[in-house]
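Working notes, beginning with the structure itself.
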2 protein chains.
Amino acid sequence: MARDSQGTRRRILEAATAEFAERGIAGARVDRIAASAGCNKSLLYTYFGNKDRLFETIFDSLVAEMVTATPIDTTDLACYAGRLFDRYCTHPEVVRLALWDRLERDGQGMRVAGIVAAETAKAEALARAQDGGAVSALLSPADLLAAITLVTSLWPLMQAHDDSPSPARLAEMRTAVTAIVSRLTDPGPTR
Amino acid sequence: MARDSQGTRRRILEAATAEFAERGIAGARVDRIAASAGCNKSLLYTYFGNKDRLFETIFDSLVAEMVTATPIDTTDLACYAGRLFDRYCTHPEVVRLALWDRLERDGQGMRVAGIVAAETAKAEALARAQDGGAVSALLSPADLLAAITLVTSLWPLMQAHDDSPSPARLAEMRTAVTAIVSRLTDPGPTR
DNA sequence: GGCACTCAACCAACCAGTTAGTAAGCTCGG
DNA sequence: CCGAGCTTACTAACTGGTTGGTTGAGTGCC
């Protein structure tokens, strides 16, 4: 086996992502991550310092990418919600990581500069759309954003039983989510 | 100090509730629970078997009570949502326990008979209200129930920073939540 | 005395993090 | 082309401390 520090780093990150998403920080086992990455435990320490910093590294890169990946479309928020929903469905581990972060680290991972900036930008875009009358002013921009995030990211988790949902069930859920966002953002009949 | 097994039991349950809500199952420490309950660790085992069963005991009684405590009012679902929101605000530990259950036990705590029955009854009540035209049929009864649960229970958690929200902020959040539910359930102009 | 209850001390397993060492590639003078 | 010397990637084995769970010796009420 050739030596490949970048590849090993990546394998560790992948293994740790799966382990942390599955079991959280307290429940994750460093030995299990190392075994799953096919390398020695101490490598993990030379590369990433310790368990907490490993989680931080994963969280910052994964979640920050997630938040910035889907640009907001204030002209069709239901469609935007649908795309968010799809992303969260194809990356369920990110949702779980974010929940672990909330529960185990009081959400400190969500307070890094990049994420805060992206959220602020989205809220401002929503505020402009509301001023222009294209979006209902029922909720404040921040509240509307929170509602969309809540519904798109956590809907599958709330429904989940032991088995993962069928494609048909997934499509139903997606329809419900977009219907909710559509209803929330509809500006009503134009004057 | 007089002997009082019932009191000790209760103190253990209270301490364990706080510990589990704060740190989850994997993060909770049995010694800390015992110390906080002011009793010996072994008592905890004679009364509750082990750590997991202690969590189960707490979860089943607390969450089941929570789900059944606020009866659904299909004639004013926004108000119902407001009451749910209040309950979840005054009992944030229950929300956290439910999240830990989802993440660490794949939500098995939510699948006990009592909770499932209560949810089914609420969905049926919603279905009747929709048939009668009092509630929008935008969403299926189960989806509408899921949306209400999601928004009322997790809204404060998603907003939470290190410090707990001020009463004024809490009132704002409550208004947003009831506005969302109101918008989602509004049957529209009567024919 | 018997019984329900209480506790300090203990144990084996586990776990995050460390250490001391090995070996694969790279470099550079010859 | 070569091989001594150095750097980098990696590892087995260990350490100090923690953790869930047990046990056996009390303690006080009937």
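Quick look at the values:
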quantity: Nearest-first distances (nm) between copies at residue A:131, label 7 Å from Cα via Cβ; calculated: 5.0
quantity: Projected label distance in nm at residue A:124 and residue B:120, using a 7 Å step from Cα toward the beta-carbon; calculated: 5.2 nm
quantity: Positive-pole candidate from B:35, B:75, A:130, dipole of the protein assembly as shown, charges at beta carbon; calculated: B:35
quantity: Estimated dipole of the protein assembly as shown in Debye, rounded to 20 [Cβ of Lys and Arg +1, of Asp and Glu -1, Cα centre]; calculated: 680 debye
quantity: Chain B - charge dipole about Cα centre, Lys and Arg +1 at Cβ, Asp and Glu -1, debye rounded to 20; calculated: 380 debye
quantity: Overall form of the protein assembly as shown per C-alpha gyration tensor (a/c, 1.5; a/b vs b/c); calculated: oblate
quantity: 0 to 90° range, to nearest 10: angle between helix B:92-105 axis and chain B longest Cα axis; calculated: 80 degrees
quantity: Accessible area expressed per residue, the protein assembly as shown, with surrounding protein chains retained (probe 1.4 Å, Å²); calculated: 49 Å²
quantity: Neighbourhood net charge (9 Å Cβ-Cβ; Lys/Arg +1, Asp/Glu -1) for residue A:29; calculated: 0
quantity: Between helix A:5-27 and chain A: long-axis angle, C-alpha atoms, 0 to 90°, nearest 10; calculated: 70 degrees
quantity: Gained length - residue A:29 relative to residue A:69, 0.36 nm times residue gap less alpha-carbon distance; calculated: 11.4 nm
quantity: Under 22 Å from residue B:41, Cα to Cα: lysines that are on another chain or at least 8 residues apart; calculated: B:51
quantity: Degrees between helix B:77-90 axis and first principal axis of chain B (Cα, 0 to 90, nearest 10); calculated: 20 degrees
quantity: Cα centroid of the range A:111-170 to Cα centroid of the range B:88-128, whole Å; calculated: 23 Å
quantity: Dipole magnitude of the range B:1-49, debye to nearest 20 (Cβ charges: Lys/Arg +1, Asp/Glu -1, about Cα centre); calculated: 100 debye
quantity: Histogram of C-alpha separations across chain B, 5 Å bin width, %; calculated: 1, 7, 15, 17, 16, 14, 11, 8, 5, 3, 2, 1, 0, 0, 0
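The values are calculated or read from the model by the stated rules, or taken from the named source; none is laboratory data. This one's a predicted model, so the numbers in the text were calculated from it and none came from an experiment. Because the Cβ atoms are built from the backbone with ideal geometry, glycine has one as well, and the counts that use them run over all protein chains shown. All accessible areas refer to the heavy atoms of the entire protein, side chains included, with ligands and DNA or RNA removed. Shrake-Rupley method; radii C 1.70, N 1.55, O 1.52, S 1.80 Å.
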